[in-house]
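Before any comments, here is the structure.
The values are calculated or read from the model by the stated rules, or taken from the named source; none is laboratory data. None of these values were measured; they are calculated from a predicted model. Here the Cβ positions follow ideal geometry from the backbone for every residue, glycine too, while neighbour counts run over all protein chains shown. The accessibility values were calculated without ligands, DNA or RNA, using every heavy atom of the protein model including side chains. Shrake-Rupley method; radii C 1.70, N 1.55, O 1.52, S 1.80 Å.
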Amino acid sequence: MSELRKFLFDGLPVRGMLVRLTDCWQEVLRRRAAGGNDPHYPSPVRRLLGEMTAAATLMQSNIKFNGALVLQIFGDGPVKLLVVEVQPDLSFRATAKVVGEVPENATLSQMVNVHNKGRCAVTLDPRDRLPGQQPYQGVISLWDDRGQPIERFSEVLQHYMLQSEQLDTTLVLAANEQMAGGLLIQRLPVQGAGNLSAKATQADEDQIGRNEDYARIAILAASLKEQELLELDGPTVLRRLFWEENRVEFDPLIGEQAPRFACKCSRDRVQRMIAGLGQDEARDIVREQGQIEVGCDFCGMAYRFDAIDAEQIFVNTAPGSSSLQ
Ligand SMILES: [Zn+2]
């Protein structure tokens, strides 16, 4: 059962979050397997995409952004693209595009950063975007401060959190074909439960790496083995790690409130995309292929438009208004 648990350490400037995606992660993989070409992810890709999915869920839950949080890697190796999109209600979708051979034990670099041209980014796309307003995009470095490629995605994000938020963060991520999970421990900028979304101050920055309570809890968190995260339920994981600490847990997000798979694609959107191609282009495709078929990379849904459907799209579209909306 999927779950997301948030907790604080009583009286200490440390918060934590645990996410376990089970049924919804399996659905991502099942839909992928049901798709046509390129059905199964190689296991290192499945693991990376699962870790990104768990991490994106934690990030969205952490900042409670009123819009989509999108975590992406644009790879220069056999994996060209990995995308995870998480909505404010923690519904999510995820997909990866693999074009080459991925070695069985491929590292992050071997998948997406072969020529040092891999890019990772987080995008915050507000739900009610004003005209002309651009989504916020943050660049997440795939290299450490000495310019060495980072080989674990959890370390990529830990490094990013420290750079961008000036906050010590410990992240443990794991994924297999059954489960994608993550544990996040973060030093709070200001002590206490009332400051969950407070921004770091100069005094907080001076605390980086120096808070003893955070350091102790971070060591406990980092001792969590991937196997344990994958196989034990949430309460057991937290009890085993932090049994000596006074933990205050919020109501867990389980059942209908838990993170879940949902795709936002629709026939309507695909129609608008075809309208964007223009009538001539659409007719060419119908002539060559008998129909227009557009598959959704996220959920595997196939949208088909025969010659009549395709003509219909342009009936109400005045010339010159065929831009992508
Ligand atoms: Zn879809």
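Of all lysines in the structure, those lying under 25 Å Cα to Cα from Lys264, and not within fewer than 8 positions of it along the same chain, are Lys64, Lys80, Lys97.
Angle of helix 279-289 to the longest C-alpha principal axis of the chain, folded into 0 to 90 degrees and rounded to 10: 90°. Each Lys or Arg adds one and each Asp or Glu takes one away; over the other residues whose Cβ falls under 11 Å from the Cβ of Glu85, this sums to +1. Residues considered: Gly182, Gly147, Gly77. Largest GNM mean-square fluctuation over the chain, using C-alpha springs under 10 Å, is found at Gly147.
Return a whole-number percent for the relative contact order of the chain, with Cα pairs under 8 Å and 6 or more residues apart as the contact set. Before the final figure, lay out the partial values.
Values: 617 pairs, mean separation 74.1, N = 325.
That works out to 23 percent.
Principal-axis analysis of the Cα atoms of the chain puts helix 153-165 at an angle of about 80° to the longest axis.
Largest first, what is the accessible-area ranking of Cys263, Cys299 with a 1.4 Å probe? Can you show the working numbers first?
Details: Cys263 40, Cys299 15 Å².
The residues order as Cys263, Cys299, largest area first.
Taking the helices alone, the chain has a mean residue ellipticity at 222 nm of -10500 deg cm²/dmol, built from -39,500 (n - 2.57) per DSSP H run of at least 4 residues and averaged over all its residues. Per-residue accessible area (protein heavy atoms, 1.4 Å probe) orders Lys64, Lys6 as Lys64, Lys6, starting from the largest. Lys80 exposes around 80 Å² of accessible area when a 1.4 Å probe is run over every protein chain in place. Which one of Ser43, Ser109, Ser266 has the biggest mean-square fluctuation once the chain is modelled by GNM with Cα springs under 10 Å? Of Ser43, Ser109, Ser266, the most mobile in the Gaussian network model is Ser266.
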